[in-house]
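Peer 1: My questions all concern the structure below.
The values are calculated or read from the model by the stated rules, or taken from the named source; none is laboratory data. As the structure is a prediction and not an experimental result, all values here were calculated from the model. Glycine also receives a Cβ, built like all others from the backbone with ideal geometry; neighbour counts cover every protein chain displayed.
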Amino acid sequence: MALITKAIRGTQDVLPSDSAAWQHMERTALQVAHDYGFREVRTPVFEHTELFTRSVGETTDVVQKEMYTFDDKGGRSITLRPEGTAGAMRMLLEHGLHNEALPVKVAYVTSCYRYEKPQAGRLREFHQFGVESYGAASPLADAETIALADAVLKALSVTGVTLRLNSIGCPTCRAEYHKALKAYFEGKKDELCGTCLDRLDRNPMRILDCKSPVCSAIAAEAPVITDYLCDDCAAHFAKVQEYLTAADIAFELDPHIVRGLDYYTRTVFEFVSDALGAQAVLCGGGRYDGLCEEMGGPKLPALGFAMGLERLLMVLKAQEAALPEPTRCTVYFASLGEAAATHCFKLANALRAGGIAAECDTVGRGLKAQMKYADKLGALYTVVVGDSEIESGEATLKDMKTGEATPVVLDEGALYNDLYNKELDRHFAAVANLLEG
C-alpha cells in the first residue's frame with residue numbers, strides 16, 4: 001500500500017500552495033513569447049524512438065542513458081519526450097508549417113522525461129518553457145531569441161543571471177575541430193571513462209559534456225571551438241554579439257559551452273544563476289540549422305531554447321521574489337437550514353458565473369464550523385443566511401479582515417455589484433500601497 005501512496009522517485013506533485021506560482025511563470029513566459037510573435041503549440045508526450053535517436057544524437061547522454069523507451073502493444077518502439085525541440089520539428093514537417101510565411105515561431109510549456117539521478121532542480125519528470133524559430137538564418141534571429149529569454153527572466157524579476165555565449169560552428173569548421181579534440185583526448189585515453197572512450201571515435205565533442213569530474217577536468221584544458229571557426233561562422237557570431245550589445249543585453253563569452261544535444265550548430269547560449277549556492281543553468285539553447293534535413297525535411301535554418309521551470313521556481317523562491325498567492329475565496333455563504341442551503345447554493349453559482357470566487361457549505365456543518373472553514377479558506381467576506389434573511393431579502397456582508405459589517409440585498413445582481421466594487425477598491429488600494437512603497 002505504501003507504494004501507491006507515494007510519488008515515483010524523481011517526480012513531484014504541485015500542491016495548491018504552489019499552483020499560483022506555476023501559473024504565473026507559465027502565463028508570463030507565454031505572454032512575453034506572444035509579444036515576440038511566438039504562437040503556442042502542444043505536442044504528444046511520446047514519439048517514435050527514432051525521432052530522438054536521429055535528432056538528439058546517439059552519442060549523447062540523453063539517448064545512451066536517460067530516455068524512457070518501451071515497446072507499445074503494436075511492437076513499436078516509443079519514447080517519452082526527453083526534450084521539446086525534436087517533437088516540435090516533427091510537428092512542423094507533418095503539418096507543413098514550413099510552407100507558411102517564414103519565419104514560423106512557436107512556443108510551448110511541456111513536460112519532459114529523463115532517467116537521471118534526482119537532485120535539487122533536476123527531476124525525472126520535469127517541465128520546460130521552450131520556443132522554436134524556423135526559417136531565419138540571420139544572426140538577428142539569434143539575438144531576438146536570446147532577447148526573448150532575457151525578457152522572460154526580467155518579467156519574472158529574476159536577478160543575478162549571467163548570459164554565456166559561444167559558437168560551435170558548422171559541420172565544415174567542426175571537422176577540423178574534431179581532429180584537434182581527438183588528438184588531445186588520445187593522449188588522455190587512460191583517464192577517460194568508458195562512455196567517453198566510446199565517444200572518442202564517434203563524436204569527441206560529446207566528451208566536453210561528460211558529467212564525470214575526471215573527464216570534466218580533462219575537458220577544461222581541451223582546445224576550444226572558437227579557435228577553429230570558419231570565416232562565415234566567425235562573422236555570424238560577431239554579428240550576434242553586435243546585436244545583443246545594441247539591445248543592452250550583457251553577455252560573457254564561454255568557449256566551453258557545447259550543449260548536450262547533437263543538433264546544435266553555430267550559436268549556443270546559457271543563462272546561469274548562482275542564487276542556489278552553485279551555478280545553475282536556468283535556460284539553454286542555440287541554433288540547429290541541420291535538424292530539419294536530418295529528419296527528412298528541406299534545408300531550413302532553426303533555433304530555440306528551453307527554460308527549466310522547476311529550477312526557475314527554486315531561484316524565484318531563493319531570491320524571495322514576489323509570487324502570487326493561491327486564489328482566495330471572495331465570499332463564503334454560511335447557511336442555517338435546508339432552505340438557506342439551497343438559497344446560498346443559488347447565490348454562489350450566480351456569482352461564480354460572473355467571475356467571483358464564491359463558496360457555500362456542502363457537508364452539512366453547523367454555523368460555527370462553517371465560519372471556521374471560511375477562515376481557513378481565506379474568504380474575504382462572509383454572508384450568513386437563515387430563514388429570516390430569506391424572508392426579508394437582506395443579510396449582512398462581513399469583511400473578515402476588518403470585521404466591518406455592511407447590509408446587502410440577497411439578490412444575485414445587487415450582490416455581484418457590491419462585491420465587484422469592493423474588489424476594485426481593494427485592488428486599487430493595493431496598487432497605491434505598492435507605488436507608495
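Peer 1: Can you tell me which residue in region 196-232 is modelled with the highest pLDDT, limited to those that are farther than 27 Å from residue 66 by Cβ and within 33 Å of the chain's Cα centre (by Cα)?
Peer 2: So, considering only residues that are farther than 27 Å from residue 66 by Cβ and within 33 Å of the chain's Cα centre (by Cα), the one modelled with the highest pLDDT is 229.
Peer 1: If you take the residues in region 150-193 that are within 29 Å of residue 223 (Cβ to Cβ), under 34 Å from the mean Cα position of the chain (by Cα) and of a type in the set (Gly, Ala, Ser), which one is surrounded by the most Cβ atoms within 10 Å (Cβ to Cβ)?
Peer 2: Residue satisfying both the conditions and the ranking: 167.
Peer 1: Select from region 33-67 the residues that are part of a helix (DSSP H, G or I), buried (at least 19 other Cβ atoms within 10 Å of the Cβ) and touching a helix residue (DSSP H, G or I) at 6+ places or on another chain (Cβ under 6 Å) and list them in ascending order.
Peer 2: 52, 53, 55, 63
Peer 1: Which of the numbered conditions does residue 305 fail, given that it passes all the others? Conditions: (1) in contact with a helix residue (DSSP H, G or I) (Cβ under 8 Å, 6 or more places away or on another chain); (2) surrounded by fewer than 17 Cβ atoms within 10 Å (Cβ to Cβ).
Peer 2: (2)
Peer 1: In region 233-258, how many are modelled with pLDDT of 95 or more, assigned to a loop (DSSP other than H, G, I, E, B) and among the aliphatic types (A, V, I, L, M)?
Peer 2: Total meeting the criteria: 3.
Peer 1: Right, another one. Just checking, how many residues over region 122-149 are touching a strand residue (DSSP E or B) at 6+ places or on another chain (Cβ under 7 Å) and surrounded by fewer than 18 Cβ atoms within 10 Å (Cβ to Cβ)? Step through it out loud before you land on a result.
Peer 2: First pass over region 122-149, keeping only residues touching a strand residue (DSSP E or B) at 6+ places or on another chain (Cβ under 7 Å): 124-135, 141-142, 145-146, 148-149.
Imposing the further condition that a residue be surrounded by fewer than 18 Cβ atoms within 10 Å (Cβ to Cβ) reduces the set to 125.
Summing the residues that are touching a strand residue (DSSP E or B) at 6+ places or on another chain (Cβ under 7 Å) and surrounded by fewer than 18 Cβ atoms within 10 Å (Cβ to Cβ) in region 122-149 gives 1.
Peer 1: Filter region 324-341 for residues that are in a strand (DSSP E or B) and of a type outside the set (Ser, Thr, Tyr); which is modelled with the lowest pLDDT? Please lay out each step first, then the result.
Peer 2: Start the filter on region 324-341 by keeping residues that are in a strand (DSSP E or B), which leaves 331-335.
Within this subset, residues satisfying the condition of being of a type outside the set (Ser, Thr, Tyr) are 331, 333-334.
Numbers: 331: 94, 333: 97, 334: 97.
Among those residues, the one meeting the criterion is 331.
Peer 1: Answer yes if at least one residue in region 174-194 is under 26 Å from residue 230 (Cβ atoms), basic (Lys, Arg), without any contact (Cβ under 8 Å) to a residue 40 or more places away in the chain and part of a helix (DSSP H, G or I), and no otherwise.
Peer 2: Checked region 174-194: at least one residue is under 26 Å from residue 230 (Cβ atoms), basic (Lys, Arg), without any contact (Cβ under 8 Å) to a residue 40 or more places away in the chain and part of a helix (DSSP H, G or I).
Peer 1: Cβ-Cβ below 7 Å, separation at least six or inter-chain, first residue in region 120-145 and acidic (Asp, Glu), second assigned to a helix (DSSP H, G or I): which pairs?
Peer 2: Listed pairs, sorted by first residue: 132/85; 132/88; 142/240.
Peer 1: Show the residue pairs that are 6+ apart or on different chains and have beta-carbon atoms under 8 Å apart, the first residue being within region 357-371 and without any contact (Cβ under 8 Å) to a residue 60 or more places away in the chain, the second being polar (S, T, N, Q) and assigned to a loop (DSSP other than H, G, I, E, B).
Peer 2: From residues that are without any contact (Cβ under 8 Å) to a residue 60 or more places away in the chain, the pairs are 357/327; 357/330; 358/330.
Peer 1: Which members of region 195-209 meet the condition of being more than 30 Å from residue 314 (Cα to Cα) and either in a loop (DSSP other than H, G, I, E, B) or not basic (Lys, Arg) (or both)?
Peer 2: 195, 196, 197, 198, 200, 201, 203, 204, 205, listed by residue number.
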